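**Q** Submitted below is the structure of interest, expressed as structure tokens.
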Amino acid sequence: MVKQADWSEPVIFELGRKGRRGHILPAVEEGVKQVVGSVNTIIPENMQRKSKPKLPELSEVEVARHYIRLSQMNYGVDSGLYPLGSCTMKYNPKINESLANSKAMNMLHPYQDESTLQGILEILYRLERWLAEITGTYEVCLQPAAGAHGEFLGTSLIRAYHKFNGELEKRREIIVPDSAHGTNPASASMAGFNVVVVPSDKDGCVNIEALKEAVSERTAGLMLTNPNTLGIFEKNIEEIARIIHDAGGLLYYDGANLNAILGKVRPGDMGFDIVHMNIHKTFSTPHGGGGPGSGPVGVSEELAKFLPVPRVVFNGERYRLDYDRPHSIGKIRSFYGNVAVLLKAYAYILSLGNEGLREVAEISVLNANYVAEKLKGIKGLTLPYGDEVPRKHECVFSAKPLKRETGVSALDVAKRLLDYGLHAPTIYFPLIVDEALMIEPTETFEKEELDRFVEAMRKISEEAYKNPEVVLKAPHNTAVSRLDEVKASHPRTMILSWKMRLKKGGE
Amino acid sequence: MGKHNHPYIPNSQPEIKAEMMKTIGIKDVDELYLDVPERYRLRKLLNIPRGMSEFEVKKHVESLLAKNKTCAEMLTFLGAGCWPHYVPAVVKEIVQRSELLTSYTPYQPEVSQGMLQALFEYQSMICELTGMEVANCSMYDWASALGEAARMASRLTNKNEILIPRVIHPERLATLRVYAEPAGITIKQVAYDAETGQLSLEDLKSKISEKTAAVYVENPSYLGFVETQVEDIGGEAHANNALFIVGVDPTSLGILKPPGDYGADIVVGEGQPLGNPMNFGGPLLGIFACRGDLKMVRQMPGRIIGMTTTKDGNRQAFCMALQTREQHIRREKATSNICTNEALCAVASAVYMALLGPEGMRELGETIMYKANYAMRLLSKIQGVKAPVFNSPHFKEFTVNFDEAGLSVKEAHEKLLKLGIHGGKDVSKEFPELGETALYCVTEIHSKEEIERLAKSLEDVLAGRC
Ligand SMILES: Cc1ncc(COP(=O)(O)O)c(C=O)c1O
């Protein structure tokens with residue numbers, strides 16, 4: 001057992017003292033005010049801020065201590081195994097951080113003269129080419145800030161394509177398997193499409209008969225994750241591609257997680273027209289507690305003309321940002337993308353190289369199957385959708401028998417794992433598995449750490465059968481015990497800001 | 001990979017790999033790919049370079065970056081949505097703490113209290129700055145936040161027309177269009193007063209109708225002036241049962257009236273200047289805040305962190321709130337598809353705001369305004385230069401017009417660049433009616449001396465002395 005730090009740290013508004021300062025700004029020099037006059041004469045009365053914002057008042061010392069203490073109450077990839085399925089929580093190489101945090105990166109402005117940007121444009125240009133090679137696509141756009149943002153770009157491209165062909169009025173539907181990540185249907189809907197859900201088959205793959213029935217002249221496209229969220233490769237991919245293309249739809253590949261297929265299989269070769277990838281998963285950039293990430297999109301030659309502006313172009317001599325793209329959909333954010341994140345991916349690809357990336361895929365798959373194999377014997381757990389097919393980068397277990405026999409649910413197992421100093425798997429996703437525990441070890445954890453996880457799972461199962469209370473009341477060793485999440489969302493009790501807290505204080 | 005493992009892949013060491021394969025009952029990892037149709041299995045190496053040692057990677061990347069010239073190497077006056085401000089060292093230190101940096105969405109709040117509390121504090125401080133009651137824990141950037149705000153307004157009002165100012169960042173407008181179009185939202189632009197740049201109330205009145213879902217203004221505007229008629233504009237919106245959306249640069253909010261005080265229903269903006277470096281325009285930090293009534297909050301996009309207690313009620317703690325709005329629960333009916341956001345940038349901003357405090361935020365606003373206005377005064381004295389174009393109060397950016405100097409923005413820029421100075425953004429194509437005009441930005445990082453150097457150099461350039 002381990003014990004997480006607990007500082008019982010007050011909210012920052014409760015700290016400090018009136019009059020303290022944590023940072024001093026450069027002074028306004030002698031002479032400037034004389035020329036300009038008072039700020040209060042420049043800003044008209046009705047636009048002046050009358051009362052200062054009620055921010056806390058602390059010295060730098062207190063601010064540093066507060067946030068360092070908070071960081072110690074947080075579990076990251078550097079703390080231990082983080083087998084959060086579908087999230088690819090792999091080690092984030094430190095060299096990438098130091099490059100991205102350099103002045104040479106931090107101090108570039110997006111509107112600088114192109115003559116002063118040749119290095120960064122070269123990096124972005126090359127990265128686009130590499131990502132296109134990895135995904136088997138024709139052109140890659142680096143603009144999206146995250147996977148879901150890439151999906152929105154993708155579904156917007158589907159929209160642009162059908163509009164260009166005069167078929168948008170008719171093609172109103174995007175097909176999504178029931179095992180898909182929530183962002184897929186949400187992105188289809190954001191781009192104005194209706195979502196048609198197709199069920200998975202007994203083997204966990206798309207039910208082909210159901211797909212044939214779902215397809216029609218209304219089909220705009222299909223969004224597919226392959227390997228799917230069960231970690232299983234869609235073996236009928238050729239037929240799926242044919243069905244969609246024959247119906248005039250486009251094939252969208254959710255490549256949030258390319259880990260299993262790097263250098264092994266390419267979405268473009270499988271017939272996909274659009275692919276998004278999550279740099280903050282496959283390409284090892286840190287998740288930052290929820291972001292920033294980056295979600296580039298690769299497309300076929302036919303769709304390239306619709307990509308957002310600007311495009312980085314190279315004439316053999318100079319790199320340039322090209323805005324002259326008459327068919328472009330426009331922009332999905334300001335500037336060119338999360339460049340500091342992309343720089344880390346550039347360094348990462350260089351560190352691994354072509355052979356190394358293939359090794360990433362193979363070991364991530366080896367690790368997932370190793371963990372699956374070891375977990376199979378544990379009482380109360382099953383591996384739905386058969387153990388004949390190998391898993392790819394992740395495997396999804398069900399704690400349904402455990403729950404039936406002991407009352408201990410997937411949630412309880414997750415909470416108890418925290419006591420063992422491990423992060424929990426993703427739970428209750430994909431939705432087609434009851435009491436799902438979605439486990440993605442990634443390639444960056446050593447066998448011993450994987451064994452520690454398996455051992456913890458075995459012990460938790462034993463506890464569940466012998467002394468379920470200890471699991472049901474878990475976690476015991478974390479900064480705080482189990483939370484009342486209902487209270488956080490109930491209209492009467494919800495507190496979403498310090499201001500609301502003060503308002504509701506008496507209650 | 002030979003006899004070593006790759007440093008990032010511990011189990012690629014051949015003996016360990018063999019052990020693990022034995023457990024699974026395979027002889028070759030390729031057996032785990034047998035279910036992939038043969039014709040799709042890649043039989044060649046990807047056409048990307050071979051792997052490099054850490055030293056080589058560092059050398060290679062640094063040599064590429066050295067081909068750039070950064071804002072640290074030339075005196076730069078660029079802003080326009082990504083601004084140069086000083087990032088205190090302690091901010092960088094905290095966001096590099098690996099417990100925060102390498103964690104993810106706090107799905108397990110019991111081991112994620114650090115991130116959750118930091119994000120709650122970010123939300124709370126944004127509320128204080130903007131005068132709103134609820135803020136989410138980030139959008140991708142200002143532009144996409146605006147897109148989401150337009151969609152939210154349309155859902156709330158069941159109407160589908162958005163009025164926006166003609167003076168808006170073209171990239172924000174382009175983004176808004178992509179977000180709005182699929183939701184059936186039409187965008188109409190309201191003209192500005194040629195003398196002051198202020199939104200034309202007359203044109204607003206002629207365009208607003210019962211179809212209007214929201215009226216959007218920016219303060220300060222894209223071209224740097226303070227929009228002073230916000231009360232009238234908001235009143236006009238509300239009189240037509242439309243929402244009032246305000247876009248902000250938060251560095252102004254220590255001295256400018258917060259939008260919450262002039263009737264804003266939704267506030268969006270760019271949080272990058274609060275503790276985040278420019279990084280060639282990304283990552284940025286989309287601010288999104290709104291009024292606290294439940295009807296609005298339920299339509300908000302993105303993640304929101306709430307304060308709660310442990311189940312036994314003994315201890316205050318934090319977790320994600322109102323998740324039933326989000327894609328992982330509501331799927332196609334979610335208020336947005338956003339999942340990964342800009343959380344760590346939000347933490348940087350929280351640290352920044354905590355460091356400055358109320359007095360520091362006021363000083364930041366004042367310092368910027370003094371220096372920008374000083375620059376404006378100096379430039380306006382140069383023969384042939386008009387700065388600013390509009391007769392209105394300006395905050396940290398301002399327009400500089402070269403029409404009378406007989407020089408194009410481009411020519412002036414190129415000459416300045418030779419002198420080691422990077423001038424403002426050329427906006428003459430975006431606003432052809434303003435002639436040869438550039439948008440200059442001055443912040444607290446520009447010294448009086450540097451501003452004077454700009455003025456002197458520009459004078460020399462225009463006088464044909466260099
Ligand atoms: C399969 C899948 N698709 C899409 C996404 C969305 O990516 P992001 O969180 O970067 O928006 C995720 C991760 O959250 C995912 O696991």
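**Q** With point charges of +1 on the Cβ of Lys and Arg and -1 on the Cβ of Asp and Glu, referenced to the Cα centre of chain B, which listed residue (B:Ala354, B:Val297, B:Ala194) lies farthest in the positive direction of the dipole?
**A** Value computed over the given set: B:Val297.
**Q** For the residues A:Ser294, B:Ser428, B:Ser457, what sequence is obtained by ranking on other C-beta atoms within 10 Å, fewest first? Please list the in-between numbers first.
**A** Numbers: A:Ser294 30, B:Ser428 18, B:Ser457 21.
The order, fewest Cβ neighbours first, is B:Ser428, B:Ser457, A:Ser294.
**Q** If you find the alpha carbon centre of region A:174-242 and of region B:407-441, how far apart are they in angstrom?
**A** What the calculation gives is 50 Å, centre to centre.
**Q** Tally Lys and Arg at +1 and Asp and Glu at -1 over the other residues with C-beta under 12 Å from the C-beta of A:Glu234: what net charge comes out?
**A** Working: positive: A:Lys235, A:Lys392; negative: A:Asp201, A:Asp203, A:Glu238, A:Glu239, A:Asp254, B:Asp35.
That sum, taken over residues with Cβ under 12 Å, equals -4.
**Q** May I pose another question? So in region A:99-350, what percent of DSSP beta bridges are antiparallel if you round to the nearest 5? Let's see the in-between values first.
**A** On the way: 11 of 27 bridges.
DSSP beta bridges in region A:99-350 are roughly 40 percent antiparallel.
**Q** Here is a follow-up. Kindly rank A:372-382, B:160-170, A:247-257 from highest to lowest mean number of other beta carbons found within 10 Å of each residue. Write out the running numbers ahead of the final one.
**A** Working: A:372-382: 17.8, B:160-170: 22.4, A:247-257: 25.7.
By packing density, highest mean first, the sequence is A:247-257, B:160-170, A:372-382.
**Q** Report the FRET efficiency, 1/(1 + (r/R0)^6), for A:Arg325 and B:Ala191, where r is their Cβ-Cβ distance and R0 is 30 Å, rounded to 0.05. Walk me through the intermediate numbers first.
**A** Values: r = 29 Å, r/R0 = 0.95.
It comes out at approximately 0.60.
**Q** By count of other Cβ within 10 Å, fewest leading, how are B:Asp203, B:Asp28 ordered?
**A** The most exposed by this proxy come first: B:Asp28, B:Asp203.
**Q** Just how far, in whole angstrom, is region A:468-506 from region A:272-304 if you go by their alpha carbon centroids?
**A** Here the answer is 34 Å between Cα centres.
**Q** Show that you can apply the helix-only estimate: for chain A, add -39,500 (n - 2.57) for every DSSP H stretch of four or more residues, divide by all residues, and state [θ] at 222 nm to the nearest 500.
**A** Numbers: 17 runs with 185 residues, N = 507.
It comes out at -11000 deg cm²/dmol, rounded to the nearest 500.
**Q** Roughly how many debye, to the nearest 20, is the charge dipole of region A:12-80 about its Cα centre, given +1 on each Lys and Arg Cβ, -1 on each Asp and Glu Cβ, and no other charges?
**A** Once rounded to the nearest 20, the dipole reads 340 debye.
**Q** Distance between Cα centroids, region B:91-158 to region A:326-352: provide it in whole Å.
**A** 22 Å
**Q** Next up: Please go through region A:9-61 and write out the trypsin sites (Lys or Arg not before Pro) that DSSP classes as loop and that have at most 10 other C-beta atoms within 10 Å.
**A** A:Arg17, A:Lys18, A:Lys50
**Q** Which of rounded, prolate, oblate describes chain A, given a ≥ b ≥ c as roots of the alpha-carbon gyration tensor eigenvalues and a/c under 1.5 marking rounded, otherwise prolate only if a/b is larger than b/c? Intermediate values should be presented prior to the final figure.
**A** Working: a/c = 1.68, a/b = 1.09, b/c = 1.54.
It is oblate, given that a/c is not under 1.5 and a/b is not larger than b/c.
**Q** While we're here: Among A:174-185, A:477-488, A:36-47, A:281-292, how do they line up by average Cβ neighbours within 10 Å per residue, starting with the highest?
**A** Packing proxy ranking, top to bottom: A:281-292, A:174-185, A:477-488, A:36-47.
**Q** Could you point to the residue in A:Cys87, B:Ala149, B:Thr324 farthest towards the positive end of the protein assembly as shown's charge dipole, with +1 and -1 charges on the Cβ of Lys/Arg and Asp/Glu respectively?
**A** B:Thr324
**Q** Does region A:36-157 come out rounded, prolate or oblate by the C-alpha gyration tensor, with a ≥ b ≥ c the root eigenvalues, rounded set by a/c under 1.5 and, if not, prolate when a/b is larger than b/c and oblate if not?
**A** The shape class here is oblate.
**Q** In straight Cα distance, which lysines are under 27 Å from A:Lys503, not counting same-chain residues fewer than 8 positions off?
**A** A:Lys503 reaches A:Lys18, A:Lys50, A:Lys52, A:Lys54, A:Lys487, B:Lys257, B:Lys295, B:Lys311.
**Q** What do you get for GluC sites (Glu not before Pro) in region B:379-443 restricted to DSSP loop and a cutoff of at most 16 other Cβ within 10 Å of the site's Cβ? Intermediate results must be reported in sequence, preceding the final value.
**A** Numbers: sites: B:Glu397, B:Glu404, B:Glu411, B:Glu414, B:Glu430, B:Glu433, B:Glu436; in loops: B:Glu430, B:Glu436.
Answer by residue number: there is no such site.
**Q** Here's a follow-up. Peptide B:129-139: average number of partner chain Cβ atoms within 10 Å per residue?
**A** Going residue by residue through B:129-139 and averaging, the value is 3.
**Q** Take every DSSP beta bridge whose two residues both sit in the protein assembly as shown, then give the antiparallel share in percent to the nearest 5.
**A** So the antiparallel bridges in the protein assembly as shown amount to around 55 percent.
**Q** Take each of the peptides B:327-338, A:147-158, average the number of other beta-carbon atoms within 10 Å over its residues, and list them starting from the highest. The partial results should precede the final answer.
**A** On the way: B:327-338: 22.0, A:147-158: 29.0.
Top to bottom by mean Cβ count within 10 Å: A:147-158, B:327-338.
**Q** Given the -39500 (n - 2.57) contribution per DSSP H run of 4+ residues, what per-residue ellipticity at 222 nm results for chain B, rounded to the nearest 500 deg cm²/dmol?
**A** -11000 deg cm²/dmol
**Q** Also, I was wondering about something else. How do B:Arg291, A:Arg492, B:Arg50 rank when sorted from fewest to most other Cβ atoms within 10 Å of their own Cβ?
**A** Exposure proxy ranking, most exposed first: A:Arg492, B:Arg50, B:Arg291.
**Q** Can you tell me the dipole magnitude for chain A around its Cα centre, using point charges on the Cβ only (Lys, Arg +1; Asp, Glu -1), in Debye to the nearest 20? Don't jump to the answer; show the numbers that get you there.
**A** On the way: 62 positive and 64 negative charges, 440 e Å.
Computed charge dipole of chain A: roughly 2120 debye.
**Q** Also, I was wondering about something else. Compare the Cα positions of A:Gln48, A:Val77, A:Gly22 along the charge dipole of region A:12-80 (+1 at Cβ of Lys, Arg; -1 at Cβ of Asp, Glu; about the Cα centre) and return the one farthest towards the positive end.
**A** A:Gln48
**Q** With +1 on each Lys and Arg Cβ and -1 on each Asp and Glu Cβ, and nothing else charged, work out how big the dipole of region B:89-353 is about its Cα centre, in Debye to the nearest 20.
**A** In total the dipole reaches around 920 debye.
Here, each number is a calculation from the coordinates, and none is a lab measurement. Just so it is clear, the model here is predicted, and its values are computed rather than measured. Cβ sites come from the backbone with ideal geometry, for glycine too, and all protein chains shown count toward neighbours.
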